[in-house]
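Have a look at the structure below before the remarks.
The values are calculated or read from the model by the stated rules, or taken from the named source; none is laboratory data. Keep in mind that what you see is a predicted model, and the values were worked out from it rather than measured. Methodologically, a virtual Cβ is constructed for each residue, glycine included, from the backbone with ideal geometry; neighbour enumeration extends over all protein chains shown. Heads up: the accessible areas ignore ligands, DNA and RNA and are worked out on the full protein's heavy atoms, side chains in. Shrake-Rupley method; radii C 1.70, N 1.55, O 1.52, S 1.80 Å.
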Amino acid sequence: MSQFAFLQREWTAVYDAAVRAEVAVHRDPRTASFYARRALELAVAWAYKHDPALRLPYDDRISALIHEPSFKQAAGEAVFSKARVINTLGNRAVHGHRDVPADDAVVAVRELFHVAYWLAHTYARTDRPSPTLTFDPGKLPKPGPSPRQTADQLRQLEAQLRERDEKLAVVLADRTAVDEELKRLRAEVAEAKKAAVAQPDTHDYSEAETRDYFIDLLLKEAGWALDQARDREFEVAGMPNRHDQGFVDYVLWGDDGKPLGLVEAKRTRRDSRVGQQQAKLYADCLEKQFGQRPVIFYSNGYEHWVWDDESYPPRAVHGFYKKPELELLIQRRGSRRPLADAEINPAIVERFYQTRGIRRIAEAFEQDHDRKALLVMATGAGKTRTVIALADLLMRCNWAKRVLFLADRVALVNQAVNAFKRHLPDGAPVNLVTEKEAEGRVFVSTYPTMMGLIDETKGGQRRFGVGHFDLVIIDEAHRSVFQKYRAIFDYFDSLLVGLTATPKDEVDRNTYGLFELENGVPTDAYSLEEAVRDGFLVPPRAVSVPLKFQREGIAYDELSEEDKDQWDALEWDEDGEVPDRVEAEAVNKWLFNKDTVDKVLAHVMTRGIKVAGGDRLGKTILFAKNQAHADFIADRFNANYPHYKGEFARVITFKTEYAQSLIEAFSNKDKAPHIAISVDMLDTGIDVPEVVNLVFFKLVRSKTKFWQMVGRGTRLSPDLFGPRPAQGQLLSLRLLPEPGVLQPGPARNRRRCRRVAGQAVVHDAAGVDWRVGQGPRRP
């Protein structure tokens with residue numbers, strides 16, 4: 001009888017996979033590890049589907065699901081750690097080519113047993129398993145003749161099963177739009193969970209076994225073989241006890257025979273920090289014996305801490321450093337140069353606020369011993385070049401060897417890679433989206449790509465260990481990024497720099513908290529208002545598109561007789577009720593009206609800022625509501641302006657194939673398209689200084705997002721209109737209560753304005769009055 005029999009009644013699929021793992025432990029350890037992970041995936045997916053308290057993360061792969069904070073809280077540290085062990089062993093089975101020992105398969109199935117018990121204890125609607133239930137490795141089926149599956153065969157099987165599996169993202173896209181059967185099951189599961197929570201869980205989860213194995217597993221993933229007697233329980237002299245000796249749980253040795261690090265392991269039910277002083281005393285003994293102070297780690301299997309007590313206080317980490325990373329850490333104790341004395345490369349940045357921001361971040365790192373910094377800088381003011389110069393400074397002063405730059409879209413990754421190649425070519429920038437195997441010093445990636453690479457192992461070792469990067473840069477650091485991808489920032493033990501264009505008073509307080517800063521006080525800030533005042537950016541100017549219905553709504557009494565006849569002929573509702581009025585809010589939902597679109601396009605084409613001696617509309621971004629709206633606008637443009645042969649205005653969205661080639665063409669001031677119709681893709685981050693018109697053809701409710709969108713048109717573009725454009729003045733920005741055109745004008749009292757920036761159709765049903773550098777005011 002299977003040891004997973006308690007699953008059979010309510011979790012048939014999980015039970016079947018668990019039995020396959022159980023049967024294969026001795027016959028085919030690789031397959032056993034694969035099916036243990038498969039059972040885990042099915043169990044966790046079931047919990048997400050049936051427990052509304054679990055929030056679906058950015059991805060529905062098992063690593064993302066188990067690291068989601070709501071799951072970790074529900075499962076507890078013991079079950080979470082067991083899930084990590086199962087997932088790691090399963091990944092090794094599928095992606096590694098070394099033989100999988102039977103002992104590892106036993107561990108995978110043993111940990112699965114405890115995860116399965118938690119599932120049944122928490123969610124069973126009928127009989128819960130007894131808390132005295134234990135796993136007996138002696139009851140596993142004995143070895144027998146059977147063909148063993150290769151890693152390639154298991155990868156093919158994995159792909160087939162994943163294709164067949166229910167997509168959680170689709171099922172949970174709208175929790176209100178679920179069928180009646182699922183609603184009933186969720187209600188039953190909620191009652192079962194409530195009853196389970198009321199009773200203490202007294203099951204023995206064998207946490208000590210998990211702790212010892214998990215610490216070994218993390219060390220081996222970091223490349224520590226632990227195959228010599230001196231690696232464990234190493235005896236040291238000089239401990240302040242009556243025997244004058246002690247035994248270090250793990251010592252991590254360098255090639256020169258000197259200790260690079262030590263690990264002190266404590267029981268899982270004790271706070272790992274209780275081992276801090278003992279680990280420090282061990283480090284004292286090892287330093288006295290070998291003449292080199294090791295880096296200190298202490299752990300209880302769930303929580304891990306690192307303490308390089310010559311540089312920083314203790315801090316939580318996700319695992320252990322690799323040998324080259326520890327060697328570099330110790331070597332830097334004597335080779336790091338003072339940041340304050342080093343020159344910032346003027347070929348990369350030359351503006352005063354950029355060098356000021358770099359100096360303040362350097363001061364936070366060097367003098368305050370901070371490890372996190374937040375830079376608030378207006379869109380178009382040069383955030384990317386600023387952090388490139390910062391990376392260059394840290395590299396030259398031996399503070400950083402490898403840098404990771406994270407962005408949320410492929411287009412922004414490509415843009416950042418090009419910037420690093422232009423300004424820091426010695427960093428050998430690597431685009432991890434397209435060059436996953438390449439090596440360099442600067443790596444640029446999207447968040448999802450890096451989440452996938454974190455779990456990647458080769459020969460049982462992680463490619464990217466916790467100490468792989470010395471500096472991680474977050475482009476557009478805001479709350480939603482941390483909610484989705486915080487696992488990345490928790491994983492890498494590095495200096496962390498966040499960039500945002502959101503005004504410092506509007507940055508979410510949680511973001512300040514994540515960077516361990518006082519609310520409203522970033523490491524440095526340079527606002528749009530300051531950039532306009534100093535002549536580095538140009539302010540926007542609103543121009544109204546006269547669409548009365550979108551502004552005031554439609555009143556029957558104000559219509560012409562012909563329009564009244566059409567009104568009366570419409571089928572308004574099933575009861576035949578004909579309204580006397582349609583409010584503006586309802587009209588504004590109807591953005592697919594031909595007349596509305598045609599009027600907006602005509603207004604932009606006639607009143608939009610022109611280039612090429614006034615012969616051609618300048619580069620324009622039109623922000624559409626959704627993909628269908630964007631396609632409709634493009635169709636209407638081609639119908640009204642057929643002589644442009646379909647090239648002048650193009651849709652550029654995440655659904656556009658080869659979108660990057662269109663972005664590159666749009667970035668060329670003399671090439672078509674000259675109007676980019678976008679849905680979200682060009683809202684932030686895209687750097688095209690030639691953009692002079694912005695068309696807001698959708699409601700923008702987020703103040704933060706609005707200013708980022710406005711930033712697409714505030715950059716300077718030297719001599720865009722010729723060498724001597726007319727001088728202008730600083731104008732306020734007003735979001736009108738109807739679609740309007742936003743024309744940023746040049747700054748007041750400047751010598752000669754070098755460009756006139758963006759023009760946009762703005763739609764804001766609330767009629768909020770905005771001014772550069774200030775908050776909203778009601779008119």
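Listed values, structure above:
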| quantity | calculated |
| --- | --- |
| The stretch 1-61: C-alpha gyration tensor shape, a/c 1.5 cut-off, then a/b vs b/c | oblate |
| Cα-centred dipole magnitude for the stretch 187-319, charges only on beta-carbon of K, R (+1) and D, E (-1), debye, nearest 20 | 380 debye |
| In sequence order, calculated HN-Hα J values of the stretch 660-675 (Karplus, 6.51, -1.76, 1.60; Hz; x Gly/Pro) | 4, 5, 5, 4, 5, 5, 5, 6, 8, 5, 9, 10, 7, x, 9, 10 |
| Difference of contour (0.36 nm per residue) and Cα-Cα distance, residue 132 to residue 1 | 45.4 nm |
| Surrounding net charge for residue 457, when Lys and Arg each add one and Asp and Glu each subtract one, Cβ distance under 9 Å | +1 |
| Å² of accessible area per residue within the stretch 247-379, as computed with a 1.4 Å probe and no ligands counted | 42 Å² |
| Calculated FRET efficiency for the pair residue 506/residue 562, C-beta based, R₀ 41 Å, to 0.05 | 0.25 |
| Whole-percent carbon and sulfur share, accessible surface of the stretch 324-403, 1.4 Å | 45 percent |
| Potential lengthening between residue 53 and residue 155 on full extension [0.36 nm per residue; Cα-Cα distance subtracted] | 33.5 nm |
| Relative packing of 69-79, 607-617, which averages over residues the other C-beta atoms within 10 Å, highest first | 69-79, 607-617 |
| Theoretical FRET efficiency, 1/(1+(r/R0)^6), r = Cβ-Cβ of residue 202 and residue 247, R0 25 Å, to 0.05 | 0.15 |
| Summed residue charge, Cβ within 12 Å of residue 307's Cβ, Lys/Arg positive, Asp/Glu negative | -1 |
| Cβ-Cβ FRET estimate between residue 665 and residue 187, R0 fixed at 56 Å, reported to 0.05 | 0.55 |
| Probe 1.4 Å, accessible area per residue of the stretch 1-160, Å² | 41 Å² |
| Stretch gain in nm, segment residue 225-residue 102, where the contour uses 0.36 nm per residue and the Cα spacing is subtracted | 42.5 nm |
| Cα→Cβ-extended label distance, 7 Å offset, between residue 519 and residue 607, nm | 4.2 nm |
| Protection-proxy order for peptides 221-234, 26-39, 403-416, each taking the mean of Cβ atoms within 10 Å per residue, highest first | 26-39, 403-416, 221-234 |
| Residues of the stretch 596-677: accessible area per residue with a 1.4 Å probe, Å² | 47 Å² |
| Counted charge near residue 616, where neighbours are those whose Cβ lies closer than 12 Å (Asp, Glu -1; Lys, Arg +1) | +1 |
| Between the stretch 675-706 and the stretch 603-630, the alpha-carbon center distance in angstrom | 12 Å |
| Residue 434 versus residue 396: modelled label distance in nm, points set 7 Å from Cα along the beta carbon direction | 3.0 nm |
| Separation in nanometres of the label points that stand 7 Å from Cα toward Cβ, at residue 580 and residue 463 | 6.9 nm |
